[in-house]
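Data block below; observations after.
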Amino acid sequence: MSPPRKPFHTLFTSAGRRVELLRAFRRAYQELELPGRVIATDIDPLAPALQVADRGFLMPRLGEDSYLPALEALCRREEISLIFPLIDPDIEVLSRHRDQLAELGARAAVVAPEAVAATADKWDSQQFFRSLGLPTANSWLPGDADLAQQDFPLFIKPRQGSASQFTFRVENQRQLEFFLDYVPNPIVQEFLPGPEITTDVVADLDGEIMGLVSRRRIAVRSGEVIKGVTIKDPRIFDGAVKIARALPAVGPITVQCLYKGDVPYFTEINARLGGGLPLGLAAGVESPRWLLARSAGLPLELPPLGSYQEGLHLSRFDDSFFLGERELETFAGRGFRSR
């Protein structure tokens, strides 16, 4: 009889609404017969994902001095083995402190600090795409002389933004002047009509690409897909692989494109698990199981790259949890607490 495996606990930071994702990882634990827990954090006791985690904890806000000590204390007490950030602002903090977290036994699935800018800053992303010879949107910063010569429509968004906040189509000079003042730290780009494609690239913690799946966004709410369909475009596959290897990716990333005519233009990189992961999973890209198995040192057989069901549609709906005062009190206080 083989000795029992040491429990392998996975932490998801800023879990928010990612209920489907946490449920998928819990199923993967069961399929692998891997001992361990799915643990989630958030700042809000009403965050839905806290209700489906094996253990849920409240944390200080990311910008507070107490955040990192609380995270380290949580990793020690819960013996965390693996950390996945679920929102963009967490990535920079986890990347900057990934070595000291690793000393606690917790490996963070985040790109190296020198690669963070290429994923977090939209201007740096465009320069990165160009360095790889990939088509990308023409872009300008406020004050660029060439900006006044461009035809409308244009598109404006924050250089460091997430969840599609402060993103606008610009129809004329008057709107451009307004949004340049309204949007924080903006970047202006040529308008790409779409459709928009997100590609989930599943890399392990050593950068090996285990799988990828592309999905067309049909409808989006707060930056997350609510209707979508899987597609296959070899040009997007090749570009996404090139991007993942050049960063290099550490853990999963998503690569976004917008079509102009029949050409995909690369627009953004998110160095984390994508919100549309359940569609890729249903199509055959078993990223939770692959990530857990590879990170825990379990044997793993992978299908050929790009093997998944094309034309599979996703349609999401809302569900509800109901908590009494006693359950909410479980999360009272600033320090992390188990529910």
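Just a few scattered comments:
- Counting only residues that are of a type outside the set (A, V, I, L, M), part of a loop (DSSP other than H, G, I, E, B) and under 23 Å from the mean Cα position of the chain (by Cα), the range 312-332 holds 4 of them.
- Looking across Ala118, Ala148, one residue alone is surrounded by fewer than 21 Cβ atoms within 10 Å (Cβ to Cβ), touching a residue at least 60 places away in the same chain (Cβ under 8 Å) and outside any loop (DSSP other than H, G, I, E, B). It is Ala118.
- Within the range 209-250, being part of a loop (DSSP other than H, G, I, E, B) and either in contact with a strand residue (DSSP E or B) (Cβ under 6 Å, 6 or more places away or on another chain) or under 19 Å from Leu132 (Cα atoms) (or both) holds for Asp233, Leu247, Pro248, Ala249, Val250.
- Leu50 surrounded by fewer than 16 Cβ atoms within 10 Å (Cβ to Cβ) and closer than 24 Å to Gly274 by Cβ: no
- Complete set of residues in the range 151-193 that are surrounded by fewer than 15 Cβ atoms within 10 Å (Cβ to Cβ), more than 24 Å from Val225 (Cβ to Cβ) and touching a helix residue (DSSP H, G or I) at 6+ places or on another chain (Cβ under 9 Å): Phe152, Gln173
- Taking residues in the range 248-276 that are more than 24 Å from Ser139 (Cα to Cα) and free of Cβ contacts under 8 Å to residues at least 12 places away in the same chain, and partners anywhere that are part of a loop (DSSP other than H, G, I, E, B) and open to solvent by 30 Å² or more (accessible area, probe 1.4 Å), not one pair has Cβ atoms closer than 9 Å while being at least 6 places apart or on different chains.
- Condition check for Arg23 on (1) touching a residue at least 40 places away in the same chain (Cβ under 8 Å); (2) closer than 23 Å to Trp290 by Cβ; (3) part of a helix (DSSP H, G or I): one failure, at (1).
- Any hit, the range 164-178, residues being touching a residue at least 24 places away in the same chain (Cβ under 8 Å) and part of a strand (DSSP E or B): no
The values are calculated or read from the model by the stated rules, or taken from the named source; none is laboratory data. Keep in mind that what you see is a predicted model, and the values were worked out from it rather than measured. Positions of Cβ are generated from backbone atoms using ideal geometry, with glycine treated the same way; all protein chains shown enter the neighbour counts. Calculation scope for accessible area: heavy atoms of the full protein, side chains included, ligands and nucleic acids excluded. Shrake-Rupley method; radii C 1.70, N 1.55, O 1.52, S 1.80 Å.
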